[in-house]
Amino acid sequence: MAHMEKEHALECINLVAIFKGLPKAQREQLADLVIQKYYPAHSTIYSAGDKLGHFVIVQNGQIKLSAYTAEGKEQILKVLLPGEFDGETSLFSGNARNATAAALTDVNVCQIDQGAFQNLLANSPELAANMLKTMSSRIIDLEQEKTLTNTTSVKGRLAHYLLETAASEKQSHFVLPMKKKEIATYLGTTPETVSRVLKQFEKTGLIEVDKAKVTILDDDELAMIV
């Protein structure tokens, strides 16, 4: 682990909803706490039950958050794409994680440790007050995002996932990081629907599909579906 250059650390801070509403001077204070960490594809970042006092922002790559039933069956809770983050509550409490996080691809994250964050808050009452304001706004935003997710079509969600995957891989040709069954769980649909929509995208010339390999042919038109 290594502290990042200030400019890159600030870019990470600006991705996070509860931070980007802060004054620049306070965001720069937070940027000083950022540590960069790399996880190779298929590695476990943390397991359910771990007490990890840090917050991670995905700089590039994809992270899968999963829970497991008593029978050992995996349930995908969320997939974190570049610019998304996990562990907001761990900045304020040492509660154990209730999910397992695994790298779907090679992943670079920006990490902030709980101890360093809490020390900064203790020495900056103004920052603490502003954090409360931004977190209140975040709660409202989350409600709006939930409504949007519920009304967005499967086509739109899948188009968004393909575009984000291409962006994280930095190329239009890539291997899907998840199986169609996992993508379906992530999107809240069925594997059959995922396959059908992929075929529709291919038929209209938006993508080419060869088993798990996807090539985006028209990202502008695909973005119109999102």
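The numbers here are math on the coordinates, done by the rules we state, and not lab data. Here the structure is a predicted model, which is why all the values come from computation and not from measurement. Quick reminder, even Gly has a Cβ in these numbers, built from the backbone with ideal geometry, and neighbours come from all protein chains shown.
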Legend entry - Nearest 10 degrees, 0 to 90: helix 154-169 Cα axis against the chain principal axis: 70 degrees
Legend entry - Angle between the chain longest axis and helix 6-15 axis [Cα atoms, degrees, rounded to 10]: 60 degrees
Legend entry - Cα gyration tensor, the chain - rounded (a/c under 1.5), prolate or oblate: prolate
Inset, instruction - Rank the residues THR189, THR69 as a footprinting-exposure proxy: fewest other Cβ atoms within 10 Å of their Cβ go first. - result: THR69, THR189
Legend entry - the chain: relative contact order in percent, alpha carbon pairs under 8 Å with at least 6 residues between: 20 percent
Inset, instruction - Express in whole angstrom the spacing between the alpha-carbon centres of the range 18-59 and the range 65-130. - result: 7 Å
Legend entry - Angle in degrees between helix 125-151 and the longest Cα principal axis of the chain, rounded to the nearest 10: 20 degrees
Legend entry - Links that overshoot a 23 Å alpha carbon limit, given the list LYS78/LYS133; LYS24/LYS133; LYS78/LYS180; LYS73/LYS170: LYS78/LYS133; LYS73/LYS170
Legend entry - Net +/- balance of residues flanking GLU182 in space, Cβ distance below 9 Å, scoring K and R +1, D and E -1: +3
